[in-house]
Amino acid sequence: MYERIKAILKDKYGIENVTPESNFKKDLGLNSFDLMELAFVAEEILGVEMEEEKYRKAETIKDICEYLETLGARNAN
């Protein structure tokens, strides 16, 4: 799942050099609108529906990956 999110960040925002511990706001400079947009893209690509309250609480890439995995997100390329 990490590789999928990493690819979305690269394609959508041009962000590279991330780790699972990268913080969306502090390390990647994303704001809450960016995170909402990322959630919409992830939903479409991974075939899930995320709850706004839950994805807004995600602080790191690892957090969002774990949440997506609980939703049964498709991890296939």
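Based on what the data block shows, is residue 5 β-branched (Val, Ile, Thr), touching a Ser or Thr at 6+ places or on another chain (Cβ under 6 Å), surrounded by 14 or more Cβ atoms within 10 Å (Cβ to Cβ) and at pLDDT 90 or above? For residue 5, the condition - β-branched (Val, Ile, Thr), touching a Ser or Thr at 6+ places or on another chain (Cβ under 6 Å), surrounded by 14 or more Cβ atoms within 10 Å (Cβ to Cβ) and at pLDDT 90 or above - is not met.
Remark: residue 28 matches the filter, which requires a residue to be modelled with pLDDT of 95 or more and either assigned to a helix (DSSP H, G or I) or not polar (S, T, N, Q) (or both).
Restricting the stretch 47-71 to residues that are of a type in the set (D, E, K, R) and outside any helix (DSSP H, G or I), the residue that is nearest to residue 3 (Cα to Cα) is 59. Among the residues making up the stretch 14-73, none is β-branched (Val, Ile, Thr), loosely packed, with under 11 Cβ neighbours inside 10 Å and touching a residue at least 12 places away in the same chain (Cβ under 8 Å). Condition test on residue 60, is it hydroxyl-bearing (Ser, Thr, Tyr) and over 10 Å from the mean Cα position of the chain (by Cα)? Criteria not met by residue 60. Residues that are modelled with pLDDT of 90 or more and farther than 21 Å from residue 73 by Cα do occur in the stretch 33-49, at least one of them. Total residues in the stretch 31-46 satisfying the condition of being touching a Leu at 6+ places or on another chain (Cβ under 9 Å) and part of a loop (DSSP other than H, G, I, E, B): the figure is 0.
The values are calculated or read from the model by the stated rules, or taken from the named source; none is laboratory data. In this text the structure is predicted, and so the values were computed from the model without any measurement. Note that we place each Cβ from the backbone using ideal geometry, even for glycine, and neighbour counts take in every protein chain shown.
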